[in-house]
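Chemist: Take this structure first; my questions come after.
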Amino acid sequence: MNGILPLWKEKGFTSHDCVSKARGMLKTKKIGHTGTLDPEVEGVLPLCIGKATRIVPFLTDTDKVYEAVVTLGSATETEDAHGEVIETRPVQHPPAIEEIEQTIHQFKGEITQIPPMYSAVKVNGKRLYQYAREGIKVERPERNVAIKEIILDKESVVFDGDSLNFKVMVTCSKGTYIRTLCVDIGKALGYPAHMSSLIRFSTGGISKEQCYTFSQLQQLVDTRAIEEALLPISEGLTHLNKMHINEDERFAFEHGQVLPRPKNAQNDPFVVICNKEVVAIYQQHPSKPDKIKPMRVF
């Protein structure tokens, strides 16, 4: 069995839980996920099966689309709704919708983030959340991320007397912490804030509409129709450039040969396709500008 299983991860599961459950359900060990989602987050979590595990790094390194709820009025140690409250300030004069829109628009483009202490980022070989649990503060490395789009859902703005909630739809690069984005939006509006809800609607070219829950997948397993749920490997590589070859050229590429750089070779890396089938992923040879070499062969 080879392909991408477009899973809709429900709340309560870790990404590792999802891999373990899928292994048992599909009776195969060769499964990898494409980006961690916290247990309280739901959304698109593609699982790569069989040969598709070779594209995990490529599918992980793609843009993501999230819907987040920003809550103004309180900040937490984890930057989400599940951590201990560390600061409060009642929202006595809620910002107007126009002010919220203008503020969030400031975050569009390349921005710098400091990862939250409760995150899996490593500092000196140790995860930040491990330091946090031990009460140890360490200097966290800044990272540059890209917010491709950020849109306010005007209908979602709700003021309850002490806090203000609103939804934002965010399209962003790999490595973006939406929790931190919500906190920074709150600071820009003059209030402590946290992310009270998060849903991932797409990763790479795979969207919610293509996904299955575990209960739906179990029905397909029971009727021996699970392969109907699998997406081809090419669905996880839609963000890469393509180079189409004919059958005469196929042998060299699928055997991973170092080859002369074709005139129609795209920018690195690029997917080599023969008769709609992904044969390999190639790149410019690092020391021979007139050659190309394989990154993955299928």
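The values are calculated or read from the model by the stated rules, or taken from the named source; none is laboratory data. From a predicted model like this one, the values you see are computed outputs, not experimental measurements. Here the Cβ positions follow ideal geometry from the backbone for every residue, glycine too, while neighbour counts run over all protein chains shown.
Chemist: Return the residues of the stretch 2-18 that are within 15 Å of TYR212 (Cβ to Cβ) and either in contact with a Leu (Cβ under 8 Å, 6 or more places away or on another chain) or hydroxyl-bearing (Ser, Thr, Tyr) (or both); say none if nothing qualifies. Give the derivation first.
Modeler: Initially, the stretch 2-18 is screened for residues within 15 Å of TYR212 (Cβ to Cβ), giving 3-10, 13, 18.
Once the filter is applied, which keeps residues that are within 15 Å of TYR212 (Cβ to Cβ) and either in contact with a Leu (Cβ under 8 Å, 6 or more places away or on another chain) or hydroxyl-bearing (Ser, Thr, Tyr) (or both), the stretch 2-18 yields GLY3, ILE4, LEU5, PRO6, LEU7, TRP8, LYS9, CYS18.
Chemist: In the stretch 238-295, what count of residues is obtained for those that are more than 20 Å from VAL56 (Cα to Cα), surrounded by 17 or more Cβ atoms within 10 Å (Cβ to Cβ) and β-branched (Val, Ile, Thr)?
Modeler: 2
Chemist: Just to be sure I understand the filter: pairs with C-beta atoms under 6 Å, separated by 6 or more residues or on different chains, first member in the stretch 96-122 and farther than 20 Å from SER163 by Cβ and in contact (Cβ under 8 Å) with a residue 24 or more places away in the chain, second member among the small types (Gly, Ala, Ser) and outside any loop (DSSP other than H, G, I, E, B). Which pairs pass?
Modeler: These pairs meet every condition: GLU110/ALA146; MET117/ALA132; TYR118/ALA132.
Chemist: If the requirement is being modelled with pLDDT under 95 and hydroxyl-bearing (Ser, Thr, Tyr), which of these qualifies: THR71, THR88, THR62, THR103? Don't jump to the end; show me each part of the working.
Modeler: Details: THR71 fails: modelled with pLDDT under 95; THR88 fails: modelled with pLDDT under 95; THR103 fails: modelled with pLDDT under 95.
The match here is THR62.
Chemist: Looking at the stretch 16-34, can you tell me whether even one residue there is of a type in the set (Val, Ile, Thr), in a strand (DSSP E or B), assigned by TED's automatic domain parsing to the domain that holds THR213 and closer than 21 Å to ILE150 by Cα? Before you say what the answer is, go through the steps one by one.
Modeler: Our first condition is that a residue be of a type in the set (Val, Ile, Thr); within the stretch 16-34, this holds for 19, 28, 31, 34.
From the residues that got through so far, the ones that are in a strand (DSSP E or B) too are 31.
Now drop any that are not assigned by TED's automatic domain parsing to the domain that holds THR213, which leaves 31.
Within this subset, residues satisfying the condition of being closer than 21 Å to ILE150 by Cα are none.
Taking every residue of the stretch 16-34 in turn, none turns out to be of a type in the set (Val, Ile, Thr), in a strand (DSSP E or B), assigned by TED's automatic domain parsing to the domain that holds THR213 and closer than 21 Å to ILE150 by Cα.
Chemist: Given the conditions (1) of a type in the set (A, V, I, L, M, F, W, C); (2) farther than 22 Å from GLY175 by Cα; (3) assigned by TED's automatic domain parsing to the domain that holds LEU7; (4) touching a helix residue (DSSP H, G or I) at 6+ places or on another chain (Cβ under 6 Å), report the number of the one that LEU72 does not fulfil.
Modeler: Status for LEU72: all satisfied but (3).
Chemist: Looking at the stretch 56-72, is at least one residue under 30 Å from TRP8 (Cα atoms), touching an Asp or Glu at 6+ places or on another chain (Cβ under 6 Å) and touching a residue at least 12 places away in the same chain (Cβ under 8 Å)?
Modeler: So the first thing to find is which residues in the stretch 56-72 are under 30 Å from TRP8 (Cα atoms), and the list is 56-72.
Now drop any that are not touching an Asp or Glu at 6+ places or on another chain (Cβ under 6 Å), which leaves none.
No, every residue in the stretch 56-72 fails to be under 30 Å from TRP8 (Cα atoms), touching an Asp or Glu at 6+ places or on another chain (Cβ under 6 Å) and touching a residue at least 12 places away in the same chain (Cβ under 8 Å).
Chemist: Considering the stretch 152-186 alone, what residues qualify as being part of a strand (DSSP E or B) and either among the acidic types (Asp, Glu) or out of contact with any helix residue (DSSP H, G or I) (no Cβ under 8 Å at 6 or more places or on another chain) (or both)? Write out each step before concluding.
Modeler: Here is the first cut: in the stretch 152-186, the ones part of a strand (DSSP E or B) are 152-159, 164-172.
Correct list: ASP153, GLU155, SER156, VAL158, PHE159, LEU164, ASN165, LYS167, MET169, THR171.
Chemist: I want to confirm something. Restricting to the stretch 200-215 and keeping residues that are of a type outside the set (Phe, Trp, Tyr) and surrounded by fewer than 19 Cβ atoms within 10 Å (Cβ to Cβ), which single residue is nearest to THR60 (Cα to Cα)? Can you show your working first?
Modeler: Initial filter on the stretch 200-215 (of a type outside the set (Phe, Trp, Tyr)): 200, 202-211, 213, 215.
From what is left, the residues that are surrounded by fewer than 19 Cβ atoms within 10 Å (Cβ to Cβ) are 205, 207-210, 213, 215.
Working: GLY205: 11, SER207: 14, LYS208: 16, GLU209: 19, GLN210: 17, THR213: 20, SER215: 25 Å.
Per the stated criteria, the residue is GLY205.
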